Amino acid sequence: MKKSNLKNGIPISPLLTQLDDDTDPVKKSTFLKARLLRICVYAVGVAVAISLIAKVLVSLINVVTNIAFYGQLSVAFHSPAANSLGLWVIAVPAIGGVIVGFMALYGSKAIRGHGIPEAMEQILVNESNIKPSITFLKPISSAIAIGTGGPFGAEGPIIATGGALGSTLGQLFKVTANERKIILAAGATAGMSAIFGTPIAAIFLAIELLLFEFSPKSILPVALACITGAAGHHLLFESGPVFPMPDLAIPSNLALGIYSFMGLLVGLLSLGITKIVYFIEDAFEKLPIHWMWWPAIGGLTVGVIGYFAPHTLGVGYDNITGILSGTWPLTLIVSLCLFKFLSWAIALGSGTSGGTLAPLLTIGGASGAIIGSLILSYFPDAGITLPMAALIGMSAMFAGASRAFITSIVFALEATLQSHALLPLLGACTAAYIVSFFLMENTIMTEKIARRGISTPDSFEPDILQKMYVSDVINDDAIVLSADSTIKEVKNWLSKNKVEDNYFILIDNNENYSGTLKITDIYNGDMDATARLSDLVAPVHGATIKSTDTLHRAVESMSKNNTEVMPILSAGKDGKVIGVLTYKDIIKAYQTNISKNENLHTKISLKRQHMKMVIRGKKLINLNNEDNKA
């Protein structure tokens, strides 16, 4: 029996080479890279498919629009605002709502809603498993809802469809839950890139709203998917910026300050808009009729508003371009801003199949143009322009409502190709984000799932255990038992010594590692008391960890091998045992790190430094006085 001092190290047994190949970092790294390559292939395949689906969705929206408002079969785009139906226009969105309600009832209820929040929910609580039927039900229901006048854009449905397609593929192939999440995000963001041709913004959308992480294994497949989606956009849709606008000049410092202030105002508006949207949704929940009929009620409201304000009907991408041009009359912009918001909020609250991005861009752009016009009317020398004001309003609204901060900035730049707008966008979106962060607990994307008790990650900090190493918490004064000791000897020794450990490391006469032993095995009544401890351990000794490994890796290994203790090997090739790591050591290290990061303290005391200067001053004065006396 011995309590070994491990500071000098104990020679390792050659039997450690029999451990699982997973402990070999080279083989494990090669395996993970091969898996990543496969996931990249899946992501690109999903992106190709969703690009084609995006083209089909847009064409289907145009077909439904032309049939519903013009009575003709055509895939060409015609805005429903130019219809001549008169009062009959009120019935068209209501009919579309009835159809969507029946599809949700007899198809899948999951087609209702924004698109992105539903994808977030499946990622967070359902291991990214989405029903395959959503892949075709969502685009069809959205095409009917939008084509009959619903005030939504095509990007929300295609994001949801791409996510469903990626999830379906992830369920067909043998992948992990995290890999399925990555394929889902790749499909969703490839859909956004295919609609808008904004691959960089789509990548950041995945990071900020879907992946909740930033690592090579997640970014590479998503980036490849978004690039593929952008290629699909340029191949299947028009080339150039999706929202063309006049060239913007470099703003002055005064203009930058004004644009940032406008972002603050738009951030407050985004706060109110989010509250109103969910207030309306709560009001629908209280209606004494089945939810299947809610989209019809919302559609009826859309029709009434569309009768008085035809520009609120349909996708409205042309409205965004008109607002950004800076040539639309202020009365038209005010009317569009107010009535588009009412139409969209009521339709979305009714639970129809729609999205949030295009309406937010329209309302935000109109709000920015209105605020800019007011500022110019009182301060004509402010140095701002209406196109720039509309652009930052559009971006700041999205940043405030969704808190997709970087996505909002990059999207505005990619969608318009106006590089001089970078600084105004940065200032305005930062201001809107600050307002949203401090005044709103949840966003327009997370409020719905938060009400169901689902917590959404709001930071991308690395795991604390990833930043801590085994060498930081090494226990080199652990109890080690001789493998040649008998059970009787160990019991006698344990009865005289207070020991709280449940596992012990065994060594042979040459101090080589011989295995890990449970304390329950020692007190097993079926075992002969004269048996040696080496008879109680399996030929394969179990998991080990190196001093240079992270605690995150140690936790993974402990969990995989279902053990509470592991021998720590030196980083050198000799692989000597230099300590023992227990789960208690890891928990203690975790708690210590948390306390250190949360403990408020100062490293430099200004008061103490001031006192030192005073003391030095007194000494100098005394020395001068001595010189005078002399």
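The values are calculated or read from the model by the stated rules, or taken from the named source; none is laboratory data. Source: prediction; values computed, not measured. All Cβ positions, glycine included, derive from the backbone under ideal geometry; neighbour counts span all protein chains shown. Surface accessibility is based on the protein's heavy atoms, side chains included, excluding ligands, DNA and RNA. Shrake-Rupley method; radii C 1.70, N 1.55, O 1.52, S 1.80 Å.
Quick notes on this one:
- Qualifying residue in region 32-46 (condition: under 14 Å from I158 (Cβ atoms) and out of contact with any Pro (no Cβ under 8 Å at 6 or more places or on another chain)): yes
- S408 touching a residue at least 40 places away in the same chain (Cβ under 8 Å) and of a type in the set (S, T, N, Q): no
- All told, I545 falls short of being surrounded by 10 or more Cβ atoms within 10 Å (Cβ to Cβ), out of contact with any strand residue (DSSP E or B) (no Cβ under 6 Å at 6 or more places or on another chain) and at pLDDT 70 or above.
- When each of S270, S218, S193 is tested for being surrounded by 23 or more Cβ atoms within 10 Å (Cβ to Cβ), among the polar types (S, T, N, Q), at pLDDT below 90 and in contact with a helix residue (DSSP H, G or I) (Cβ under 8 Å, 6 or more places away or on another chain), the lone residue that passes is S218.
- Neighbours by Cβ (under 8 Å, 6+ apart or cross-chain): first from region 309-324, free of Cβ contacts under 8 Å to residues at least 12 places away in the same chain; second open to solvent by 10 Å² or more (accessible area, probe 1.4 Å): G322/W328
Condition check ((1) under 30 Å from N492 (Cα atoms); (2) assigned to a helix (DSSP H, G or I); (3) modelled with pLDDT of 90 or more; (4) in contact with a strand residue (DSSP E or B) (Cβ under 7 Å, 6 or more places away or on another chain)) across all residues:
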position	(1), (2), (3), (4)
K2	yes, no, no, yes
F31	no, yes, no, no
V41	no, yes, yes, no
F69	no, yes, yes, no
V75	no, no, no, no
A81	no, yes, no, no
G96	no, yes, yes, no
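- Residues of region 384-403 that are among the hydroxyl-bearing types (S, T, Y), crowded, with 24+ Cβ neighbours inside 10 Å and modelled with pLDDT under 95: S402 alone.
- Within region 87-114, residues that are without any contact (Cβ under 8 Å) to a residue 60 or more places away in the chain and closer than 19 Å to N66 by Cβ have Cβ atoms under 6 Å from residues that are in a helix (DSSP H, G or I) and not polar (S, T, N, Q) in these pairs: I99/I144, counting only partners at least 6 apart in sequence or on another chain.
- Subset tally (residues that are hydroxyl-bearing (S, T, Y) and under 25 Å from K138 (Cβ atoms)) for region 326-378: 6
- Of I375, I346, I406, all but one fail to be open to solvent by 10 Å² or more (accessible area, probe 1.4 Å), closer than 24 Å to V58 by Cα and either outside any helix (DSSP H, G or I) or not acidic (D, E) (or both); the exception is I346.
- Only a single item in (1) over 25 Å from the mean Cα position of the chain (by Cα); (2) at pLDDT 85 or above; (3) crowded, with 18+ Cβ neighbours inside 10 Å is not met by G107, and it is number (2).
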